[in-house]
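Trainee: Next up is a structure, given as structure tokens.
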Amino acid sequence: MYKISRRQFLAAAGIASLACALTACGSASSTSDAEKITSIEQLYDGKKIGVQLGTTSDQYAADDFGADAVEQFSNSADAVQALKAGKLDAVIVDNEPAKKFVEANDDLMLLEAPYADEDYAICLAKGSELTASFNQAIAELKEDGTLQDILDKYINGVEGATGYVTPEGTAHPNGKLAMATNAYFPPYEYYEGTTITGIDIEFATAICDKLGYELTVEDMEFDSIIPAVTSGKFAFGAAGMTANPDRMKNVDFTDSYCNGIQSVIVKK
């Protein structure tokens, strides 16, 4: 689901929070209770919105609120810092990273209404011979519960969920596969010390193990991932990426492996 889903969400949010919007709209700087943002509709009132460059948040916000209302950042963490400093009125980012930012900052909150929903997939070069085998592996990892265990570990907080670790003795007769990512998108990919981990890393590892490849991962700017894949320097990219029509002009996508919701972060 893409743009139509966002419009449906916005329409539903408009009905649910019209009264709040009429009483809470203020200037672009949220400095008092009367000016606090409590609904998506208030973002249409000259607010400044932070997004990560090249993401669907970036595309959607420009479409909905106008390019002049959007400020682009190389990663969502920088956008959140700008929000905390009073340089922005809101940040739009996927829900799971948004929850992590809010958990770490007690002066921030999420708007109740979601902004969009979308499906995540892995991107590969146009016509890649790997696409069919990736889809088969994804289907099998869904069926055998591996993907669910990863999601239970990182998102659902299920006690005892271990995610995925390469079993001892796993062979990689087909060599290495290089994955491009942007490691500032917890819990999908993020740093623990100097190691990149997260949902996409574990799931990509499971796919590569199943197909006989050793996974290697490189961190880069989000908007560099597709060029890195199309250039042939990387076999695939995974970073909570939505298979939207614009991206599909340049790369192929696997079947979806995860559903994501985009949310709005504001100051309390």
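Trainee: Could you check segment 190-262 for helices (runs of 4 or more DSSP H) lying wholly inside it with 3 or more residues that are closer than 19 Å to residue 100 by Cα?
Mentor: 199-211
Trainee: Restrict the check to segment 93-102 and report whether at least one residue is out of contact with any Cys (no Cβ under 8 Å at 6 or more places or on another chain), of a type outside the set (Val, Ile, Thr) and assigned to a loop (DSSP other than H, G, I, E, B).
Mentor: no
Trainee: Using beta carbons and a limit of 6 Å, which pairs, at least six apart or on different chains, have the first residue in segment 148-160 and of a type in the set (Phe, Trp, Tyr) and the second one open to solvent by less than 70 Å² (accessible area, probe 1.4 Å) and assigned to a loop (DSSP other than H, G, I, E, B)?
Mentor: Sorted first by the residue in segment 148-160, then by its partner, the pairs are 154/187.
Trainee: Name every residue in segment 158-187 that is open to solvent by less than 50 Å² (accessible area, probe 1.4 Å) and touching a strand residue (DSSP E or B) at 6+ places or on another chain (Cβ under 8 Å), in order of residue number.
Mentor: 175, 177, 178, 179, 180, 181, 182, 183, 185
Trainee: Next up: May I ask you to list the residues in segment 67-106 that are over 11 Å from residue 49 (Cβ atoms), in contact (Cβ under 8 Å) with a residue 40 or more places away in the chain and open to solvent by less than 40 Å² (accessible area, probe 1.4 Å)?
Mentor: Within segment 67-106, 75, 76, 77, 80, 94, 95, 96, 97, 98, 101, 102 meet the criteria.
One line per residue, one yes/no per condition, for (1) at pLDDT 95 or above; (2) more than 16 Å from residue 263 (Cα to Cα); (3) within 23 Å of the chain's Cα centre (by Cα):
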residue	(1), (2), (3)
31	no, yes, no
35	no, yes, no
43	yes, no, yes
48	yes, no, yes
62	yes, no, yes
67	yes, yes, yes
71	yes, yes, yes
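Trainee: If you don't mind, there's one more thing I want to ask. When the residues of segment 244-268 are narrowed to those that are open to solvent by less than 10 Å² (accessible area, probe 1.4 Å) and of a type in the set (Gly, Ala, Ser), which ends up nearest to residue 201 (Cα to Cα)?
Mentor: 260
Trainee: Check segment 182-195 and report whether any residue there is β-branched (Val, Ile, Thr) and touching a residue at least 12 places away in the same chain (Cβ under 8 Å). So that I can check it myself, show each step before the final result.
Mentor: Taking segment 182-195 first, the residues β-branched (Val, Ile, Thr) are 194-195.
Checking the rest, the ones that are also touching a residue at least 12 places away in the same chain (Cβ under 8 Å) come to none.
No - not one qualifying residue is present in segment 182-195.
Trainee: Among the residues that make up segment 121-141, is at least one of them under 21 Å from the mean Cα position of the chain (by Cα) and free of Cβ contacts under 8 Å to residues at least 12 places away in the same chain?
Mentor: no
The values are calculated or read from the model by the stated rules, or taken from the named source; none is laboratory data. Please read all numbers here as calculations on a predicted model, not as lab measurements. So basically every Cβ, Gly included, is an ideal-geometry build from the backbone, and we count neighbours across all protein chains shown. Ligands, DNA and RNA are stripped out before the accessible areas are found, and what is left, the full protein with its side chains, is counted by its heavy atoms. Shrake-Rupley method; radii C 1.70, N 1.55, O 1.52, S 1.80 Å.
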